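Shown next, in structure tokens, is the structure this report addresses.
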Amino acid sequence: MTRLAILSAAAALMSATLANAAEPIALRDMGSFHVGGRLVEISGKPVKEVTFTPGGVPAKVDPNGTYQVEQMYVQYFLPANEKGAYPLLMWHGGGLTGVTYETTPDGREGWLNYFLRKGWAVYNSDAVERGRAGWAQYPDIFKGEPVFLTTANPFERFRIGDGAGSYDPDPAKRKLMPGSQFPNEGYENFVKQNVPRWTTTDDAIIAAYIAEIDRVGPSIILFHSQAGSFGFKVAQARPDKVKALIAVEPAGLGDPAKADALKNIPTLIIYGDYIEKDSRWPKIRANGLAFADAVRAAGGSVDVVDLPQVGIKGNSHMVMMDKNNAEVAGLIQKWLEGKGLTK
């Protein structure tokens, strides 16, 4: 083969590779901010001497005084060619952060990138007490103690593994749900995303999410698991500013007595696979269906999708991380388009 032929073949291969690669994401802006929170005064604590650096000179630290607490961190990405009618706010579940929607544990693109590519302005947050939002003293400010999870807990509780005892440190010995779409080879990376959580900070989290809505303006909220309670309750508090709700396996719900506040907000609720095999999720799902019925009875519109029933099978509780996450995101995108929420 001549040098010219070799160069031509190489150019053709490179061209084909680039054609198959994902197009670069074009942004008109990106950034971050903290929102919400309050000032708290602490007194009556002893002054301490702290050596901040090994071999350094000790400094006196007086813990008495005013603290900024219960703020939330938000990172935003604004596409150059915006096609969403409203910004899309992504709210994570319990013991997690905004990393939930970023790169998947096995290195694929997450929903943040997917919806950016579809032209949505995306606001991804670390809620109060999580990640870059920061902690506060406990039990002085955060009442009670944080909850930490073992390595095995999410595997067995999030319908990745086939129930109690299904986890093993050796990936080859783990007992996955049959046909599971969760990337088992990336499970260790998923566990590294887990952070402590409290069970006593819901009011502070809701207050910060309301502050986010007030700052960003009319928005669509996509929320997961524990954030089910936050998504629905914030919508009930700001029904004029929430234009749609996408609840992915909500573990919490809104106030049924205020269901009529959601009557003008189109809502999509999504459930994954293996629910009937779990000890808790049949009841959690039944509660979700009852809440959906209450909203419908008040004149609202709620679409409930059980993924296996529409041919999308093998999903764990972490739907946005499963190997078919783009297929589920496509279902959400189609629903948004059907509700007239794209430009």
So which residues in the stretch 169-201 are more than 26 Å from P282 (Cβ to Cβ) and not in a helix (DSSP H, G or I)? P169, D170, K192, Q193, V195, P196, W198, T200, T201
When you look at A244, is it touching a residue at least 40 places away in the same chain (Cβ under 8 Å) and not in a helix (DSSP H, G or I), yes or no? yes
Evaluate the following for K283: is it surrounded by fewer than 21 Cβ atoms within 10 Å (Cβ to Cβ), assigned to a loop (DSSP other than H, G, I, E, B) and at pLDDT 95 or above? no
Is there a residue in the stretch 156-168 that is of a type in the set (V, I, T), over 19 Å from K313 (Cβ atoms) and touching a strand residue (DSSP E or B) at 6+ places or on another chain (Cβ under 8 Å)? no
Residue check for I270: among the aliphatic types (A, V, I, L, M), touching a strand residue (DSSP E or B) at 6+ places or on another chain (Cβ under 6 Å) and not in a helix (DSSP H, G or I): yes
From the list E102, E109, E70, which residue is without any contact (Cβ under 8 Å) to a residue 40 or more places away in the chain, crowded, with 17+ Cβ neighbours inside 10 Å and charged (D, E, K, R)? E102
Of the numbered conditions (1) among the small types (G, A, S); (2) within 31 Å of the chain's Cα centre (by Cα); (3) not in a strand (DSSP E or B), S32 satisfies every one except a single condition; which is it? (3)
Could you check how many residues of the stretch 254-267 are open to solvent by less than 50 Å² (accessible area, probe 1.4 Å) and not in a helix (DSSP H, G or I)? 4
Matching residues in the stretch 312-330 - criterion: being within 20 Å of W281 (Cβ to Cβ), assigned to a helix (DSSP H, G or I) and of a type in the set (A, V, I, L, M, F, W, C): V319, M320, M321, V328
Looking only at residues that are loosely packed, with under 10 Cβ neighbours inside 10 Å and of a type outside the set (D, E, K, R) in the stretch 16-30, which one is modelled with the highest pLDDT? P24
Give the residues of the stretch 62-114 that are assigned to a loop (DSSP other than H, G, I, E, B) and of a type in the set (S, T, N, Q), sorted by residue number. N64, N81, T97, T103, T104
Scanning the stretch 131-158 residue by residue, the ones that are in contact with a Ser or Thr (Cβ under 7 Å, 6 or more places away or on another chain), at pLDDT below 95 and open to solvent by 40 Å² or more (accessible area, probe 1.4 Å) total 1
What pairs come up if the first residue lies in the stretch 191-210 and is closer than 19 Å to L222 by Cα and of a type outside the set (K, R), the second is assigned to a helix (DSSP H, G or I) and open to solvent by 60 Å² or more (accessible area, probe 1.4 Å), and their beta carbons are under 7 Å apart, counting only those six or more places apart or on different chains? I206/K233
Criterion: in contact (Cβ under 8 Å) with a residue 24 or more places away in the chain, open to solvent by 50 Å² or more (accessible area, probe 1.4 Å), farther than 23 Å from Y86 by Cα and in contact with a helix residue (DSSP H, G or I) (Cβ under 8 Å, 6 or more places away or on another chain) - qualifying residue of A251, A326, A298, A294: A251
From (1) in a loop (DSSP other than H, G, I, E, B); (2) hydrophobic (A, V, I, L, M, F, W, C); (3) open to solvent by less than 60 Å² (accessible area, probe 1.4 Å), pick out the condition that doesn't hold for A204. (1)
Test set (1) open to solvent by 50 Å² or more (accessible area, probe 1.4 Å); (2) on the phi > 0 side of the Ramachandran plot - G314 fails condition number: (1)
G231 vs. criteria at positive phi, in contact (Cβ under 8 Å) with a residue 60 or more places away in the chain and not β-branched (V, I, T): no
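The values are calculated or read from the model by the stated rules, or taken from the named source; none is laboratory data. In this text, all values refer to a predicted model and were calculated from it rather than measured experimentally. Note that each Cβ is placed from the backbone with ideal geometry, even for glycine, and that neighbours are counted across all protein chains shown. Quick note on the areas: whole protein, heavy atoms, side chains included, nothing else; ligands and nucleic acids left out. Shrake-Rupley method; radii C 1.70, N 1.55, O 1.52, S 1.80 Å.
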